[in-house]
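Each value in this text was obtained by applying a stated rule to the coordinates, not by laboratory testing. Every value quoted in this text rests on a predicted model; they were computed, and no experiment measured them. No Cβ is skipped: glycine too gets one built from the backbone with ideal geometry, and neighbour counts run over all protein chains shown.
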Amino acid sequence: MRTIPHSVSRRGFLQQSTLAAAACWGGLQVAHSARAAVAPSDRVRVGLIGAGGMGRGDLDTFFKNPEVECPIVCDVDDRMIAEGVKLVEQRRGKRPDTTKDFQAVLDRQDVDVVLVATPDHWHALPTVMACQAGKDVYVEKPLATSIREGRAMITAAEKHHRVVQMGTQWRSGKHFGEAVDYVKSGKLGRISLVRGWAYHDWLPACPKKADGPVPEGVDYERWLGPAPKRPFNPNRFHFNFRWYWDYAGGLMTDWGVHLINIMLWAMGPQPPKSVMSSGGVLNRDEAWETPDAQMAVYEFPDYMLVWEHKNGVGIGLNSRPWGISFTGSDGTLYLTDAGFEVLTERRKAGEEPKTFPGSGDARPAHVRNFLDCVKSRQQPVENLSVGHHVSTVAHLGNVAYRAGRKIYWDHEKERVIGDREADKLIGVEYRKPWKLPYYPKA
């Protein structure tokens, strides 16, 4: 990979990043003339792996930055490839090459950055191999389907000196950062309880369906990849893959990662000591394997963290379908995408809570932060160390749920203490011939 020149001072770099983020938050659209003004040496060439809805949404956000080009689109489904090609042609006026083999993306000399937006079970391999190939990576959350895969991704990025950002965009959200600063300020007093919740009534139905033929234009063997060999079932494909343990961790690692990310950002890097979780598939017409209703309770050294989700109509704390609360000795802060408010425990009668407005879509700023770091070689805000910590906490909620009991966590060794059966769940076995480089020994 070529090195992209970057000669500004640290202060100048931070000023440029701040200005770029502000423009992105405002939804800035890049004009053709601005793209034409970008010097060839400053261009960032992105190879897309996974051209589904998330991949195309991410790539479209990358295209808000004039230096970004996309020479190749990769997917195992011809329909997704066609949609990806259409997007590139609309945004950049040229047709990209296409492939169903992600290795073809990594082999190209005209790819600087790999955007991985595949199902979760395909996050680790392309990321690790992209690092080996000298590419930087923007990979969707969670890092993978297991904790040990995340550790392999960190090892690869460190060994090959790559810049990797996990796509939890709220880490770059202005009002999320302001809420985190408020929590850290001590104004809420000593915080003993943090809660995150998500109630979703918009998820598509997933009734039981029979196995059937592989859709035309789909390389199903490649889609399965390292996951167990199974007959094709439409429920386990595209969006609904996230409800099956072979490929993902359900809402716990989907929405849970987003909100847990903010909770840990505010509360600091300390790891959990223990976790217990319960729930189940309570919407009886759904074909999910992962729980559509779940609660996980984590014990940290200085506080408790509670996560809960439900598929279907519901109202969480403070009349919000999803959000976060930080409860301290002197008040509680409620945080959503609309903003945050603070309720003090000793406020005067009739006093309204303090409210702070939301800041809009954070994804453009998150991508801009990554691109700036590709150029500066600094670590992005949601680098692999941060992303692995967040993903690990979410995965442990599922490990406790699947084990059916409270588990105790050894952060230094990344092992479940005294529970061999539960400890097996922090890793995953790859189907031959797939192997993940740097995968830690059990």
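Within 10 Å of each residue's Cβ, count the other Cβ atoms and sort I407, I417 from fewest upward.
Placing the least packed residue first, the sequence is I417, I407.
Just how far, in whole angstrom, is region 270-291 from region 56-94 if you go by their alpha carbon centroids?
Cα centroid to Cα centroid, the span is 35 Å.
Using a Gaussian network for the chain with springs between C-alpha atoms less than 10 Å apart, which of these wobbles most: A37, A400, A338?
Its mean-square fluctuation being the largest, the pick is A37.
Using only helices, what value at 222 nm comes out for the chain when you add -39,500 (n - 2.57) per DSSP H run of length 4 or more and divide by the total residues, to the nearest 500 deg cm²/dmol?
Helix contribution divided over all residues of the chain: -10000 deg cm²/dmol.
Could you list the trypsin sites (Lys or Arg not before Pro) in region 149-227 that lie in coil according to DSSP, counting only those with at most 16 other Cβ atoms within 10 Å of their Cβ? Can you show the working numbers first?
Numbers: sites: R151, K159, R162, R171, K174, K184, K187, R190, R195, K208, K209, R222; in loops: R162, K187, R190, K208, K209.
Sites meeting the loop and neighbour criteria: K187, R190, K208, K209.
For a quick check: sort R377, R236 by the number of other beta carbons within 10 angstrom, fewest at the front. Let's see the in-between values first.
Details: R377 13, R236 24.
With the fewest neighbours first, R377, R236 line up as R377, R236.
Can you pull out the trypsin sites (Lys or Arg not before Pro) in region 267-344 whose DSSP state is coil and whose Cβ has at most 16 other Cβ atoms within 10 Å?
Working: sites: K273, R284, K310; in loops: K273, R284.
Qualifying residues, ordered by number: K273, R284.
Over all directions, average the projected area of the Cα convex hull of region 366-426 and note it in nm².
Computed as one quarter of the Cα hull surface, the answer is 5.1 nm².
When only alpha-carbon atoms are used, what values of Rg and Dmax, in angstrom, describe the chain?
21.7, 67
In whole Å, what is the distance between the alpha-carbon centres of region 385-428 and region 189-265?
Computed from Cα coordinates, the inter-centre distance equals 19 Å.
Apply the a/c threshold of 1.5 to the C-alpha gyration tensor of region 141-231 and tell me whether it is rounded, prolate or oblate.
Since a/c reaches 1.5 but b/c is at least a/b, the shape of region 141-231 is classed as oblate.
Give a residue-ordered list of calculated ³J(HN,Hα) values for region 361-366 (Karplus: 6.51 cos²θ - 1.76 cosθ + 1.60, θ = phi - 60°; whole Hz; x for Gly, Pro).
Result, ordered by residue: 5, 8, 4, x, 5, 5 Hz.
I'm a student and want to see the number: the projected area of the Cα convex hull of region 101-165, averaged over all directions, in nm².
3.8
Within 10 Å, at most 13 other Cβ atoms, and a DSSP state outside H, G, I, E, B define an exposed site. Report the longest part of the chain free of exposed chymotrypsin sites (Phe, Trp or Tyr not before Pro). Don't jump to the answer; show the numbers that get you there.
On the way: sites that count: W202, W434.
Between the exposed loop sites, the longest stretch runs 203-433.
So, in nm, how far is label D97 from label A39 when the simple model puts each one 7 Å beyond its Cα toward the Cβ?
It works out to 2.7 nm between the two label points.
Going Cα to Cα from K100, which lysines come in below 21 Å? Please leave out same-chain ones fewer than 8 positions away.
In chain and number order, the partners are K86, K135, K229, K432, K435.
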